[in-house]
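Here the structure comes first, spelled out in structure tokens, and everything after it is commentary.
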Amino acid sequence: MPSPTTIAFIGGGNMAGALIGGLRRSGQAVEHILVIEPWAEQRERLAQQHGVTALPAADASLARAALVVWAVKPQSFAEAAAACAAQVGGALQLSVMAGIRSETIAAATGSQRVVRAMPNTPALIGQGIAGLYARPQVSDDERAHVEALLAPTGQTLWVDREDDLDSVTALSGSGPAYVFLFIESMMEAARRMGLSDAQGRALALRTFAGATELAMRSEDPPAVLRERVTSKGGTTFAALESMRADGVGEAIVRAVLAAQTRAAELGRGG
């Protein structure tokens with residue numbers, strides 16, 4: 001983002017911290033970053049880690065912001081927006097909140113220039129992916145500014161329909177939890193087979209990391225890669241047959257669709 005643009009974060013949690021860290025690493029001056037965060041512990045953490053100004057409540061300084069990043073919990077948005085609306089109407093609005101629709105943000109802030117982002121927790125180590133949707137009033141330059149802000153957290157992917165963010169939420173936003181559950185289960189299997197917790201953790205994590213990297217580098221679809229590991233009558237075949245009998249694949253599909261349905265309900269205030 002070009003200096004002296006002020007970027008204001010409403011909320012100073014983990015995702016805000018990841019974005020602020022990326023801004024600082026890319027050379028953004030601390031005097032052009034402002035955070036509104038009511039919790040003293042969070043304000044102190046941000047000040048210590050990044051040297052930014054963190055205020056307990058909005059004041060006139062918020063009006064200097066050309067970009068406002070909404071990083072509060074969705075259920076806190078209405079209250080936070082009411083306290084900030086008088087100062088943020090002229091700014092580009094970027095939301096990293098799940099579920100809150102862009103029209104709700106536009107109505108609460110007085111700005112039609114709204115971008116919604118659905119990041120995921122690997123953003124905290126620069127390995128995330130964020131789905132992005134922009135209202136028509138957002139310019140190409142503003143889209144580029146949002147991409148620059150999110151670049152240190154990982155990759156971005158634009159969608160043309162806001163409803164598609166519910167699918168992004170279900171797939172990649174919630175997705176790390178699915179992966180962690182699978183890793184937990186593999187570690188439990190290791191324990192039952194007599195391996196130590198440390199051995200099970202190392203084997204499960206490296207297997208996931210290596211398989212993911214192989215899939216990313218390969219031009220072949222995952223189904224082909226899976227078939228190459230599977231010899232009929234072998235150990236992998238036995239494991240996959242057990243999963244098929246238990247309906248694991250279809251259960252995963254149903255789980256993602258359930259997350260999509262819940263994301264849509266949250267967007268409607270449900």
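Look at the Cα gyration tensor of the range 191-243: its axes a ≥ b ≥ c give a/c of at least 1.5 with a/b at or below b/c, and that counts as oblate.
Sites listed here are GluC sites (Glu not before Pro) in the range 99-196 whose DSSP assignment is loop and whose Cβ has at most 16 other Cβ atoms within 10 Å: 162.
Axis angle, to the nearest 10 degrees, between helix 197-217 and the longest C-alpha principal axis of the chain: 80 degrees.
Give the range of the longest stretch in the chain that excludes all trypsin sites (Lys or Arg not before Pro) found in loop regions by DSSP and having at most 11 other beta-carbon atoms within 10 Å. Provide the component values of the computation, followed by the final result.
Numbers: sites that count: 161, 232, 268.
The answer is 1-160.
For the range 1-158, the square roots a ≥ b ≥ c of the C-alpha gyration tensor eigenvalues yield an a/c under 1.5, which makes the shape rounded.
Given the DSSP H assignment, sum -39500 (n - 2.57) over each helix run of at least 4 residues in the chain and divide by its residue total; what's the result at 222 nm in deg cm²/dmol, nearest 500? Present the calculation step by step, with values, prior to reporting the outcome.
Working: 11 runs with 137 residues, N = 270.
The helix contribution divided over the chain gives -16000 deg cm²/dmol.
In this structure, residue 29 and residue 57 have a Cβ-Cβ separation that, at R0 = 25 Å, corresponds to a calculated FRET efficiency of about 0.60. For the chain, the longest principal axis of the C-alpha atoms and the axis of helix 40-50 are separated by about 80°. Per-residue Cβ neighbour counts within 10 Å put 187, 118, 243, 193 in the sequence 193, 243, 187, 118, beginning with the fewest.
What separates the Cα centres of the range 81-101 and the range 103-160 is a distance of 13 Å.
Read-outs: derived from the displayed coordinates by stated rules, not from any lab. Note that the coordinates shown come from a computational prediction; the quantities given were computed from them, not determined experimentally. Here the Cβ is made from the backbone with ideal geometry for all residues, glycine too, and neighbour counts use every protein chain on show.
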